[in-house]
C-alpha cells in the first residue's frame, strides 16, 4: 500500500445510512453536509438504499482515492470498509448509529461539531480483521468477529419488532439464556490450539461490541494483533451475572473467561450435538459460515482524525514486545 495522503481534502463524499438509529441519522447527515459546505468543502452527499448500493458507491470512490465521510453506525461502516480496506482511501466517521463501537474503540467523539472536524482531518492507519472462509470468500471486520451465544442474541434481537433500540438486545439475551446452547470450539491462535466446550468466542480488533460491551477491554486497533476471548461452558445464572460486568470490562477476571493474543486465528464452532457449522458475525453483520481464518491486517484502513498520541503509544508498546 502506498503512503496515505496527508493533506486536507477539498472534495468529500458523504455517505449516510438514513435508517440508522431509528431513522435519526438522516438528519445528522444533512447537518454534516451543511457544515462541510460552510467550511468550504465540495460535498457529494449520498444516502444509499441498501448494502449493495453502498459497496458499489464506495468501490468507485476508492478507485479515485476520494475522501469518504460515513454517517451511521457499525453495520454501515462495515459495508463501506469492504471496498476501501487495504487501499489509500481515507474514511472519516461521524457516529450516528445505536452502538458506535468502532468509533468508541478509536476514541472518536460523538459530539457532532468535533466529529465533523475529525472526519476531514489527516488520516491514521488502523488495523482490520480479514475474514476468509474455506471457499476463499473474504470479508473485513473493524470491531469484533464473534460466534456462538453472541450471534444467537443478535439474530433474536433482529427478529423482535418490539422494543426498539438497545433494549431489544437485553430482551433477546434473557430469552436466549432460558435455553442456553453449548458449543464445540476448534481454535488455533498463531498455530496454538485452544479447543473445548464454550458458550461463545470473540476475536477483537477493538474493545467492544453490542453498544459498549467491552468484551476485550485491552484490544486496540493499532498494535498489529487481536485478542480472542472465549467464554467457557457455564450455567445460565453465571452468564447472567457476568454480562453486566462486560460494560466495564471487569468480566475478564472470571474463571470462565479465557483470553489470548495473536495475529492469525483459525476458528470453527458447532453447536453441541449438531454437525452444522455456526455462522460468524463481525460489526453485527453476517460474514458467513465457519470455519474461517481471521488475520489481522496491520494498518489496513486509513481513518481520519484518530488520536496520534494513542497510536504512538500502542506502536511503542508493540515494539517493546
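Here, each number is a calculation from the coordinates, and none is a lab measurement. In this text the structure is predicted, and so the values were computed from the model without any measurement. Every residue, glycine as well, gets a Cβ built from its backbone with ideal geometry; the counts of neighbours run over all protein chains shown.
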> What is the gain in length, in nm to one decimal, between residue 298 and residue 253 on full extension, counting 0.36 nm per residue of separation less the C-alpha to C-alpha distance?
Replying inline: 13.4 nm
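Can you tell me which of 36-42, 241-247 comes out highest on packing, and rank the rest after it, using the mean Cβ neighbours within 10 Å?
Highest mean packing first, the order is 241-247, 36-42.
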> Ranked highest first by average number of other Cβ atoms within 10 Å, how do 69-82, 189-202 line up?
Replying inline: 69-82, 189-202
>> On C-alpha positions alone, give me the angle between the axis of helix 25-38 and the longest principal axis of the chain, in degrees, nearest 10.
In response: 30
> How high is the FRET efficiency from residue 137 to residue 46, r the C-beta distance, R0 22 Å, rounded to 0.05?
Replying inline: 0.25
> Modelled label-to-label distance, residue 161 and residue 31, 7 Å Cα→beta-carbon offset: nm?
Replying inline: 3.2
>> Tell me the angle of helix 167-178 to the major Cα principal axis of the chain, expressed in degrees between 0 and 90 and rounded to the nearest ten.
In response: 20
>> Just to confirm the number: angle between the C-alpha axis of helix 308-320 and the first principal axis of the chain, 0 to 90 degrees, nearest 10?
In response: 50
